[in-house]
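Please read the structure below before turning to the comments.
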Amino acid sequence: MRKTHLTIIILSLFILVSGCFTSALAKDPWQWQFSLRGDQPNDDKTKPMLLPGNIFVDQELERYYVADAGNNRLLSFKREGIYLNAFSASNKLKTPTDIVREKDGLMWVIEKGRNSLTEIDLKEKKIENHSLQYRGVSVFPDRLFIDGENTYLLDKSSGDIILFDRKLKGIKHYGCPECTSGFIDFTVKSGNIWALARTEKAVYKFNTDGPQSEKIQLKGSLAFPFALEIGPAGLLYILDRHNGTIAVFDQTGSFKYNFLSKGHGRGELYYPEDLLFDPWGRLCVVDSGNGRVEIFSR
C-alpha cells in the first residue's frame, strides 16, 4: 500500500513539473537572436538609433531597412544583422517613420516632420515630396504598405486606411464607422487587409475588393494595443506598447499566449513601435524606447 501511494505521489509530481515546463515553453516560444543598432564599436562616424519607427525587409537583397526617426536617416543592415549604411538625403529628411523599398530601388518614406510621402530615386538621385489628399481633405500619413500597383496609407487624422494608385490618386478607403477613433495599424496579407482598432481592442478584416467582412474581438488583457502582424500560421500578433509584450490570438480572437516583457535588457521592450515577420521566419520588433530593433526566432 505504501509503495502504491509513493508511486502515485511521484507520478503526480512528474505530471505537475512536466505541465509547468510545457507551459513555460508555450509562454516563451521566441528566443532573442540579435539587435539592429545604428552605432558600431570603435567607429566614431556611427551613432545609436533614436526613436526608430519602422522596419522593412528586402527579401531579394536580403537587407533590413530601418526608419531612424530621431536621427533623420534611414539605416540598412545585412540579413545577419551587420550594419551597412546610413542615408539622410544630404540631411534633408525630417522625422522619417516608415519606409518601403521597391524592387527597382525606388524608396517611399513617410516623413512626419513635413507630413509627406516622400519618393526617393537612388539611381537618379532625386527626392520628391508628396502632400496627399483624399476627397479634398489633407491626408496625414502614418503607416505605409505597398502591394504591387496599390499603395495603402493609414491616415492618422481620420483613422482610415486609404488606397492610392501609382499616381497617388485616392481610389477608396477602408474605415470603421463603429470605432471611436478608427485604426492605429494595419497590414495586407493574401488579398485581405487586417486593421487594428485604436480603442476597441479588435481587429477588422477587409477583402481588398470588397467591404468589411469580419470583426475579430480580442479576448484577452491588453493595456494599449499598438501594432499587429499576421504570423505564418495565421495567428494574430498584437504589440502591447505600454506593457512591452506581444499577445497572440487565433482568428476567432481567442487568446493563446503572450511573451516578452517591459524593460531595457536584451530581448526586453520599452515602448515598442512596430513588429514584422521577415522572410526567414524571424520576428522583428521595433523597440523604439530602447533605440534598436530586436530580432527573435523560434
- Debye, to nearest 20: dipole size of the chain, +1 on Lys, Arg Cβ, -1 on Asp, Glu Cβ: 580
- Kindly identify segment 255-298 as rounded, prolate or oblate by the Cα gyration tensor criterion: order the square roots of the eigenvalues as a ≥ b ≥ c, call it rounded if a/c is under 1.5, otherwise compare a/b with b/c, prolate if a/b is larger, else oblate. oblate
- Message: Please give the charge dipole size of segment 160-277, origin at the Cα centre, charges +1 on K and R Cβ atoms and -1 on D and E Cβ atoms. Round to the nearest 20 debye.
- Response: 100
- Query: GNM, the chain, Cα, under 10 Å: largest mean-square fluctuation among Lys123, Lys172, Lys256?
  - Reply: Lys123
- Report the extension gain between Asp209 and Phe277 in nm, rounded to one decimal, defined as 0.36 nm multiplied by the number of residues separating them, less their alpha carbon distance. 22.0 nm
- The helix 2-27 Cα axis meets the longest alpha-carbon principal axis of the chain at an angle in degrees, between 0 and 90 and rounded to 10, of 0
- Query: Taking the alpha-carbon centroid of each part, what is the distance from segment 82-109 to segment 149-183 in angstrom?
  - Reply: 23
- Within straight cross-link reach of Lys201, meaning Cα distance under 28 Å, which lysines are found once same-chain residues fewer than 8 apart are removed? Lys27, Lys112, Lys156, Lys172, Lys189, Lys215, Lys219, Lys256, Lys262
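Ranked highest first by the average count of other Cβ atoms within 10 Å around their residues, in what order do 235-243, 90-98 fall?
235-243, 90-98
Please give me, ordered by residue number, the GluC sites (Glu not before Pro) of segment 127-179 that lie in loop per DSSP and have at most 16 other Cβ atoms within 10 Å.
Taking segment 127-179 and a limit of 16 other Cβ atoms within 10 Å, the loop GluC sites (Glu not before Pro) found are Glu149, Glu178.
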- For the chain, the charge dipole (Cβ of Lys, Arg +1; Cβ of Asp, Glu -1; about the Cα centre) points to a positive end, and the Cα of Phe259, Ile162, Phe226 closest to that extreme belongs to Phe259
- Task: Of the listed values [x] 38, 25, 15; [y] 28, 24, 19; [z] 37, 22, 18, grab the one calculated as semi-axes √(5λ) of the Cα gyration tensor in Å from the structure here.
- Result: [x]
- Message: Given a 10 angstrom Cα cut-off, can you work out which residue in Ala223, Ala195, Ala247 is the most mobile in a GNM of the chain?
- Response: Ala223
- Task: Go ahead and set up a Gaussian network model of the chain, Cα springs under 10 Å, then flag whichever of Asp250, Asp155, Asp121 fluctuates most.
- Result: Asp121
- Item | Global geometry of segment 45-115, whether rounded, prolate or oblate, following the gyration tensor of its Cα atoms and the 1.5 cut on a/c | oblate
- Message: Which aspartates and glutamates, if any, have their Cα less than 17 Å from the Cα of Lys167, not counting same-chain residues under 8 positions apart?
- Response: Glu102, Asp104, Glu119, Asp121, Glu128, Asp147, Glu149
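Since every read-out is calculated from the coordinates, none of them should be taken as a lab result. Please read these numbers as outputs of a predicted model, since none were measured by experiment. Backbone-built Cβ (ideal geometry, glycine too); neighbour counts: all protein chains shown.
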